[in-house]
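The values are calculated or read from the model by the stated rules, or taken from the named source; none is laboratory data. Model, not experiment: these values are computed from the prediction. Every residue, glycine among them, receives a Cβ derived from its backbone with ideal geometry; neighbour counts consider all protein chains shown.
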Amino acid sequence: MAILFTQSFKLQAVEKALNRQDDIKLKDVAESLGVGYSTLQKWIRQSKNQQLDPALDGKVSAMTKEKRPQDWTAEERLNVVIACGPLADDAINQLCREKGIYPHHIKQWKNDFIKSNTTADKPKKQSDDKQFKNEIKALQKELNRKNKALAETAALLVLQKKVNAIWGNSEDSSL
């Protein structure tokens with residue numbers, strides 16, 4: 001025979017499960033409430049998807065006010081990651097309970113920001129490399145042009161000296 005639980009009991013059980021200490025397992029919470037482990041997991045899943053009836057005596061439960069982790073904006077996620085940076089594990093767990101998220105969400109968001117930052121740097125680096133290559137190519141072209149001009153000038157000077165040596169200075173003959 002199936003045991004029917006009231007909505008208020010289900011919501012209290014979910015809140016107790018989500019607000020438990022880190023060293024207490026979900027299975028232990030389920031046993032202390034006299035509820036099956038899978039049933040408690042189902043209630044938690046339903047409350048997160050807001051499928052558990054939120055109405056309690058005309059009041060809305062605190063569970064429905066919490067946002068799901070995937071509903072957080074990037075700015076909100078970044079603020080939480082920054083806020084958790086200097087905190088110890090216990091303080092992070094407390095903050096997570098207040099915000100209605102889990103510590104693994106914060107770790108995932110941090111990794112996402114790191115990945116997005118490194119992937120954003122790669123195309124920039126490639127464009128920088130391309131720009132540097134184009135600049136090097138232009139400088140080499142200019143250097144080659146100047147080397148040719150210098151070689152031509154040197155050749156003209158050598159020829160001028162040879163002409164002067166063979167026919168003499170045109171300045172000397174005018175005297």
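General observations
- Residue in the stretch 76-92 that is among the β-branched types (Val, Ile, Thr), loosely packed, with under 12 Cβ neighbours inside 10 Å, modelled with pLDDT of 85 or more and in a helix (DSSP H, G or I) present: yes
- Failed condition for Met63, given (1) farther than 29 Å from Ile114 by Cα; (2) at pLDDT 80 or above; (3) not in a loop (DSSP other than H, G, I, E, B): (2)
- Any pair with Cβ under 6 angstrom, 6 or more apart, that starts in the stretch 6-27 at a residue that is within 13 Å of Gln46 (Cα to Cα) and at pLDDT 80 or above and ends at one that is not aromatic (Phe, Trp, Tyr) and not in a loop (DSSP other than H, G, I, E, B): Ala13/Leu33; Val14/Ile44; Val14/Ser47
- On inspection, Leu33 fails the criterion of being under 40 Å from the mean Cα position of the chain (by Cα) and surrounded by 13 or more Cβ atoms within 10 Å (Cβ to Cβ).
- Residue check, Ile106 in a loop (DSSP other than H, G, I, E, B), in contact (Cβ under 8 Å) with a residue 24 or more places away in the chain and surrounded by 10 or more Cβ atoms within 10 Å (Cβ to Cβ): no
- If you check Ala120, Ala138 for being at pLDDT 85 or above, farther than 30 Å from Asn19 by Cβ and not hydroxyl-bearing (Ser, Thr, Tyr), only one passes: Ala138.
- Output for the stretch 1-37, where each listed residue is assigned to a helix (DSSP H, G or I) and aliphatic (A, V, I, L, M): Leu11, Ala13, Val14, Ala17, Leu18, Leu26, Val29, Ala30, Leu33
- When Leu157, Leu139, Leu143, Leu78 are screened for being farther than 23 Å from Glu15 by Cβ, among the aliphatic types (A, V, I, L, M) and in contact with a Phe, Trp or Tyr (Cβ under 8 Å, 6 or more places away or on another chain), only Leu78 passes.
- Flag if Thr39 is loosely packed, with under 13 Cβ neighbours inside 10 Å, at pLDDT 80 or above and farther than 22 Å from Glu98 by Cα: no
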